[in-house]
Structure formats: structure tokens, C-alpha cells
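Participant: This is the structure I have questions about; it appears just below.
The values are calculated or read from the model by the stated rules, or taken from the named source; none is laboratory data. Since the model is a prediction, treat every value here as computed from it, not as a measurement. All Cβ positions, glycine included, derive from the backbone under ideal geometry; neighbour counts span all protein chains shown. Just so you know, the surface numbers come from the protein's heavy atoms only, side chains and all, with ligands and any DNA or RNA stripped out. Shrake-Rupley method; radii C 1.70, N 1.55, O 1.52, S 1.80 Å.
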Amino acid sequence: IANERFEQILDACQKQDATALKEMFSEKAISNAGNFDDSITALFDFFQGEVTTYENVCGGPKVEQANNEDGTNRKWKKMSSSYDFETNEQKYRLAFEEYVVDTASDNIGIYSLYIIKAEDSKTEFAYWGGHEPGIIIEKRG
């Protein structure tokens, strides 16, 4: 599931298909992110070249599931994945969190997507980004 979703993300970025990319995100992520459409444009500007290789660097997706104990009886399963990939112009690291099952239907979909140029990443192994909603482009200098 993780590799399939990652390939869909890459495909949307390469084709600059904002509609396809937006449809992968949960309603909650889109509404909580603020300026979501602008972040898609920024991602397309940041992403350069055609993908040549990629590797799932976390040894498989990390999956968490839980039942809320706050009386809502919400049940969910979240998948977190981290990839290194290379285009003919740049090396990148990308991480995303996606709710694949959730009794709160507006949560289903990608919640966060983080991307950074590999040269700017200070992480030796898997890059995880953070847990903010939407698309986050990390730049370090």
C-alpha cells in the first residue's frame, strides 16, 4: 500500500496534477493546513526532474492503530512511510502519514507530507518530517 501511494504522489508531482494530489489528502488535512492549494504549487516548483530511482528507507511502512479513550469510540489505523528518491536533477527525501482506516471519515487519506532535498537532511537514516497537516517543504541552509 505504501509503495503504491508513494508512486501516486510521484506521478502527480511529475505531471503537476494538482487535482490528483489533492484527492489523496484527507478533508481534515486540507482544512487544517491553510493555503493548501498554494502548498501544492510550491511542491510542484520544488520538485525538479524525472524520477529515476526510489527506496523505501524505513524497512516497510510503520503502522499504528488505536481506539480513542475519550468517549468518541474513534478507531483508526495510520501508516507512516519514508522514502529516498532521485530525479535526473536532484535527490530528495519524502515522508508521509496517511490514515488508511478511520471511523471519522474526514480523516481518511494523507494527513502530512514532508519533503526535503537529501543534501539538506540531517538524518542519516529514515527521514520522518513532522506531524503537521498538509504539505511541508523543509529547507535548511
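Participant: With the cut-off at 30 Å, tell me which of the pairs K22/K117; K15/K75; K75/K139 have Cα atoms farther apart than that.
Facilitator: K15/K75; K75/K139
Participant: Hey, another quick one. Protein chains only, probe 1.4 Å: how do C58, C13 rank by accessible area, largest first?
Facilitator: C58, C13
Participant: Going from the alpha-carbon gyration tensor of the stretch 1-45, what semi-axes, largest first and in whole Å, does one get by taking the root of 5 times each eigenvalue?
Facilitator: They are 17, 14, 7 Å, listed largest first.
Participant: I need the P(r) histogram for the chain: all alpha carbon pairs, bin width 10 Å from 0 out to the longest distance, whole percents.
Facilitator: With a bin width of 10 Å, the distribution comes to 12, 44, 34, 9, 1, 0.
Participant: Still on this structure, I have one more. Roughly how many percent of the accessible protein surface of the chain is carbon and sulfur, given a 1.4 Å probe and a whole-percent answer?
Facilitator: 42 percent
Participant: Output the 0 to 90 degree angle, nearest 10, between the alpha-carbon long axis of helix 2-15 and the longest principal axis computed from the alpha carbons of the chain.
Facilitator: Once rounded, one gets 50 degrees.
Participant: To continue, here is another question. Run the dipole for the chain about the Cα centre, Lys and Arg Cβ at +1, Asp and Glu Cβ at -1, nothing else charged, and hand back the magnitude in debye, nearest 20.
Facilitator: Dipole magnitude for the chain comes out near 300 debye.
Participant: Just the number please: accessible area per residue for the chain, 1.4 Å probe, all protein chains included, in Å².
Facilitator: 55 Å²
Participant: Ok, one more. Near K91, which aspartates and glutamates are there with a Cα under 19 Å away, not counting those fewer than 8 places off in the same chain?
Facilitator: Leaving aside aspartates and glutamates fewer than 8 places away in the same chain, those within reach of K91 are E7, D11, D45, E50, E55, E119, D120, E124, E138.
Participant: Using 7 Å Cα-to-Cβ label points, what is the D11/T41 separation (nm, one decimal)?
Facilitator: 2.6 nm
Participant: Just going by the charge dipole of the stretch 68-112, with Lys and Arg at +1 and Asp and Glu at -1 on Cβ, which of W76, L94, N107 is farthest out on the positive end?
Facilitator: Farthest towards the positive end: W76.
Participant: Taking amide H atoms as placed 1.01 Å from N in the peptide plane, list the residues 5 or more away in sequence, or in a different chain, whose amide H sits under 5 Å from that of A104.
Facilitator: K75
Participant: Follow-up question, since we're still on this one. Could you pull out which residues in the stretch 1-22 have an amide N less than 18 Å from a spot 7 Å beyond the Cα of N32, following the Cα-Cβ vector?
Facilitator: 22
Participant: Using a basic spin-label model with each label point 7 Å from the Cα along Cα→Cβ, how many nm lie between E89 and A104?
Facilitator: Using points 7 Å along Cα→Cβ, the separation is 3.8 nm.
Participant: While we're here: Give me the net charge of E86's neighbourhood, meaning all other residues with Cβ under 14 Å from the Cβ of E86; Lys, Arg count +1, Asp, Glu -1.
Facilitator: Taking every Cβ under 14 Å from that of E86, the sum is -2.
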